[in-house]
Structure formats: C-alpha cells, structure tokens
Amino acid sequence: MTSLPLSRRPVSAMRWPVLGGVALAVFLAGFLLPGYLEGGYLQSMLNNGLITGILALCVAFIMHQCGFVLFGIAAYYGLAAYACAILVNSFGFPAMAAAAVALLVTLAAAFLVGAIVIRVKPLAFMMICLSLAELMRHLVALPSLRRTTGGSDGLLFMPEGRVFGIDAVDLLDTGQVWPLIWTATWVIAGLFLIVASSHFGVRLRAIKENEERMRFSGFDTYWPRVFAFAGVGLAAGVAGVIQALATGFASPEMFSIITSTNALLAAITGGVSSVVGPVMGGVIYTWAISEFGALGYSQLFTGIAVILVMLFIPKGILHPLRLLGRKGGRA
Amino acid sequence: MIRVENLTVAYGAFKALTDISVDLGRRGQVHSIIGPNGAGKSTFMDAIVGKRRPSAGRIFYKDRDISGDSIQRRRKDGMARSFQKTSIFPGLTILEQLDLVAAHLNEPDLGAIIDTMDLREVLHLEAARAAYGVQRRVDVALGLIGMPDILLLDEPGAGLSAEETANLFRHLRKLAAERDIAAVVVEHDVEAVFALSDVVTVLDLGRHLATGTPAEIRANPQVVAAYLGTAA
C-alpha cells in the first residue's frame, strides 16, 4: 500500500512508478513474513491487527467519502462470520462456497440497511447502526437458536475444501492464513483507493460537502451513498469470513460494541484520509491493547493513548510522517 | 418561460407567499425580484426550483406543470439556480467540481464557462481557499453548466462590494445575451437591479406588488410607498 490520500494525489506523475515499485516490493515481502515469525504471538497479533485494519479501512472510507461515523461495522463483520459458519455446519457447504454465499448475504444486508439509514440524520445513523449490531449480538445468542448459532457460547465449525488453493483446515494455522489476510487487506485498500480517486469517489465527497448543491446540479444523492455503504459492509464481511475461517469459530462478541469501537478508534488513530493509516492504526491499536492488557491496564492506557492522539495528532499518526515526507521532498 | 399561477406557500398558519401570479424568464433578459426583508423573495425562488412545495397554485415551465417535479428533474430540464449563501464544494478544487457537474450534465463547452466567469487562473485551487468573490463566481458557474435555459440567482451580490455586485450583474447580462438564457435574480442592491435589469418584479409581505421595466417600477407609487421610499 502506498501512502496516498483517499481524495487526491499530491505526488507528481514521475513518482508513481517509484511508489508503485515500493508498494509491490512491500506486498511481495509480506508473504515472507510467516517464515520469520514462525507462528506464535507476533503472527497472531499481526493477523488480528490486519483484520482490525480492514474494519478500520471500512470506517475510514465511509467517514472520509460520505461523512458518516459508522459505529456498527461489527454487524457486517459478525454477520458474514456467522453466515459462513452456519452454511458449513448446518448445510454442509465447502469453505469457499460458504464464504462466497456469506459475502452475498452480507452485501444484501448492508444494501438493505444502507437504503434505510442513508436517509436519516447523522446521530440517528450512528445509533441505528450501533443498535443493529447489538441486536444481532443478542439474536445469535438466543437460547432458542442455539442449535444453529451456538447461543452465547458461539459457533464452532470445521471448514472443508480449499480456499484460494489453501486447504481450509490449514487456515486455522496463524502462518498459513496470513497470505489470505495480507492479500485481502491490499485488495480492499486498493479498491477503496481506486473508488476514492474515481468519478464516483469525487461524487461521494461532493455529496458529503454539499448535498443540496448536488441535488441542484441534477445529481441523485441517495443511491451513490447506499452503494458505498453496501460496499463497506461487504468489505467488513470479508474480514469476518476470514476471521471465522482462521479460527473455526463465530462468536457473539464479533457483533459487540467493542469490535465497532476498536475499528473506529483504529481508523482515527491511523487517520481516515488515507488507506495506509487505518491499516497501521489497526495493527498499532491491536498491539497496544495486547501490551496494555498484559500489564492489566488495557482500558486505562488505551484510553490515554487515544486521547493523546486526538489532542496532538487529530489527523492520525500518518499525518506527521506525510508532512515530513513533503518537507523532505521539497528540500 | 416560467408561468406562476396563484402560488401560495404556507409554513403552518403563516403564509410566506399569497396568491402570486407572474410570468418570468424571457431569453436574453435579466428579470429581478426585489422587495423588503420578509417579502418572500427566497421562498418564491425556492418554490420555483422545487425546494418548497406550493400549498396552492401551480408553476409552469415551458408550458408544462412542474409543480410536482423533483429538484433534479427541473435541473435536467434546464432550470439552474445559485444560492444566497455561496453553495459550492469547499473541499474540492474548482476544476474538480466544475468537471464533476459538467460530466453529469453533458456540458459541451466547460472552457467557455470557465473563461466567462474568469476562473481559469484559479482552477486548481481548493474552493475553500479561494477569495469570496471567486467562490461566488464558482457558484454561478456551477449553475451555468449543462446549457440551462433559465438561471435563478438568489442574492448573487450578497457579501460583495457595490463594485463587485455591479461586475457580477454585467457578467450576467453578458451571459444572458451570449448564451441566450433567461436570468432571474433576487437582489437587495436596488441600484444594481435598476441599472442592469430588463424587468423587475416587486414582492411585499408575500404578495405580488408590481412587475415592469425599471423605469415603470421607479414610478409606481405603490412600490415607492412599500419599498423604495422617497429616495427612489
């Protein structure tokens, strides 16, 4: 991933091949990582960090492009994970088919929810999205659905078949699932970057900036945002499916407010105006929670860290680096 | 081009406009709407462009009843507006926003609009960083895209100096003539209106007081009593 803002490209055309080359090198080098880490804590932390990073990317994209504070990304993350697990357990789907159908279900759900929440005011949008995720968390934990969803214990499942050439069972290994997570992160970041730079992306930002003027310029201001919302839901679903396949488990906690809050804070920590920031935010945030948790002060230290970031680098940790890079480029 | 018949717009029990009938918008002309504060000028404009639904009465555009049409439909049919408070896209560059709207409305000659509104030098500037006068011109330029037949401007001189307002009106007259469009302008600056309009309509307390040439309006005793006063 390159350090490109979602909305515009400050680099000259001459620098694109260099940036592209660096991005390709980093992407390819990422596949070598499991060989060095040999599983264990760091690999697991990186896997979780990138999953949080994907969710943070979703939150950042919808915030930057549409101005929505999405406080319920967990709904689509959890829904995709449960759909995948249920399709495997209850219907005998192979892993790849279960993943594909789960993503279609998630896309449809995000589209329907988007069609409703796009119309409401920002506070209502935030609360409805949050409530939906909480509603789902309680729904899957209902004792009457225990045979299908596993109730409050969550749903264990054993995927079969192959996923992009990898045996589904092998995905339970933190090192083996890494290429899938790594590639998914790049693909989602790349797609978000392309969409943000496209005519559609400019249209979304214009609607965010001045919806009334857009309507008076003859634009439909509703459907583009519904499509953006559905796309973000789908991307969160990808994270959910991968997490489910990586653990063989779907848990009610995937829908929890903590999942949504982590994604939002990771996006803010990294900065919402680029695709690199939220991913970095996801990794750093996951690492910080883990480290602070080991000291027994997870909530306290994480809270302090987020407040410091908000106060001193409100545009995210990548912003000072980008400024330094520009100064260096001018020097 | 626009025929308003018995238009009434009410906010609850309060009638902002009462039973207004007037013809507006002849090609190549500048038609101004004036009146004291609270006369209903902006509401009148909002009703024409579809932002406010009439409580009673009808609005015809090119002999078609458009009272129920959406804002987008009216825009695509050639009815454009600018706003009392500059309404542009502050986070986009001037070129980005003009380009976006031009692509959507199939504008064949964006360059001509850029030149007419004197924006070529500031195209790559983020709109929020542009001077207020430039932002006003961007606002008008956004309205001009897509070859509109009629351009409705709500106080285009708001926040501008007398000289800038006069300049803007000169631009408008030039545009109306060159592009053969009708310009309908709500404006407070009476001197600019009388100097540069072809037709003037006066509203007072939500009612239609008079329509005529600037000379006729200046001489109208009702208008003098209600709005212009002895200074006119």
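What follows is calculated from the coordinates using simple rules that are stated; it is not laboratory data. Since the model is a prediction, treat every value here as computed from it, not as a measurement. Counting neighbours? That spans all protein chains shown, and the Cβs are built from the backbone with ideal geometry, glycine included.
For Cα pairs less than 8 Å apart in space and 6+ apart in sequence, what is the mean separation divided by the residue count of the range B:155-232, i.e. the relative contact order in percent? All intermediate terms of the calculation are to be shown ahead of the outcome.
Values: 68 pairs, mean separation 15.1, N = 78.
Contact order relative to length: 19 percent.
In square nanometres, what is one fourth of the surface area of the convex hull spanned by the alpha carbons of the protein assembly as shown? Spell out each step's value before the answer.
Values: hull surface 126.2 nm².
That works out to 31.5 nm², a quarter of the Cα hull's surface.
List every DSSP H helix in chain A whose Cα atoms extend 27 Å or more along the helix's own long axis and whose mean Kyte-Doolittle hydropathy is at least 1.0. Each step should come with its number before you reach the end.
Numbers: long enough: A:40-66 (39 Å, 1.14); A:95-117 (32 Å, 2.53); A:122-140 (28 Å, 1.51); A:174-197 (34 Å, 1.43); A:223-247 (36 Å, 1.37); A:276-295 (29 Å, 1.17).
Span-like helices in chain A: A:40-66, A:95-117, A:122-140, A:174-197, A:223-247, A:276-295.
Counting only helical runs of four or more DSSP H residues, what would the 222 nm mean residue ellipticity of the protein assembly as shown come to if each run contributes -39,500 (n - 2.57) and the total is spread over all its residues? Mind showing how you got there, number by number?
On the way: 23 runs with 315 residues, N = 563.
Here the helix-only value at 222 nm equals -18000 deg cm²/dmol.
Give B:Lys51/B:Lys76; A:Lys315/B:Lys85; B:Lys15/B:Lys51; A:Lys121/B:Lys51 a once-over and call out the pairs whose C-alpha atoms are over 22 Å from each other. Walk me through the numbers before you get to the answer.
Numbers: B:Lys51/B:Lys76 15 Å; A:Lys315/B:Lys85 29 Å; B:Lys15/B:Lys51 16 Å; A:Lys121/B:Lys51 19 Å.
Over 22 Å apart, Cα to Cα: A:Lys315/B:Lys85.
Looking at the range B:27-75, I'd like the Rg to Rh ratio, where Rg is from alpha-carbon atoms and Rh is Kirkwood's inverse mean 1/r.
Numbers: Rg = 11.9 Å, Rh = 12.1 Å.
Using Cα coordinates only, the ratio equals 0.99.
Across peptide A:220-227, what mean number of C-beta atoms from other chains lies inside 10 Å of a residue's C-beta? Numbers along the way, then the final one.
Values: counts 3, 2, 0, 0, 0, 0, 0, 0.
Neighbouring Cβ atoms belonging to other protein chains average 1 per residue here.
Using only the Cα atoms of the range A:103-262, what semi-axes does the equivalent ellipsoid have when each is the square root of 5 times a gyration tensor eigenvalue? Give whole Å, largest first.
Working: eigenvalues 216, 95, 25 Å².
Taking √(5λ) for each eigenvalue gives 33, 22, 11 Å, largest first.
So what's the gap between the Cα centers of the range A:62-86 and the range B:129-181, to the nearest angstrom?
Cα centroid to Cα centroid, the span is 44 Å.
Summarise the partner chain shielding of A:159-168 as one whole number: the mean count of Cβ atoms from other chains within 10 Å of each residue's Cβ.
Numbers: counts 0, 0, 0, 0, 0, 0, 0, 0, 0, 0.
The per-residue average across the peptide is 0.
Using a simple charge model, +1 on the beta-carbon of Lys and Arg, -1 on the beta-carbon of Asp and Glu, nothing else, what dipole does the range B:154-232 show about its Cα centre, in debye to the nearest 20?
Working: 6 positive and 12 negative charges, 37 e Å.
Roughly 180 debye, rounded to the nearest 20.
Starting from the exponent 0.38 and prefactor 2.2 Å, build the expected Rg for chain B from its residue count and divide its actual Cα Rg by it. The partial results should precede the final answer.
Numbers: Rg = 17.3 Å, N = 232, 2.2 N^0.38 = 17.4 Å.
Cα Rg divided by the expected 2.2 N^0.38 Å: 0.99.
Please list the three semi-axes, largest first and in whole Å, of the ellipsoid equivalent to chain A, using sqrt of 5 times the eigenvalues of its alpha carbon gyration tensor.
Values: eigenvalues 181, 127, 79 Å².
Semi-axis lengths for chain A are 30, 25, 20 Å.
Specify the inter-centroid distance of the range A:182-232 and the range A:249-276, based on alpha-carbon positions, in whole Å.
Each part's Cα centre sits 20 Å from the other's.
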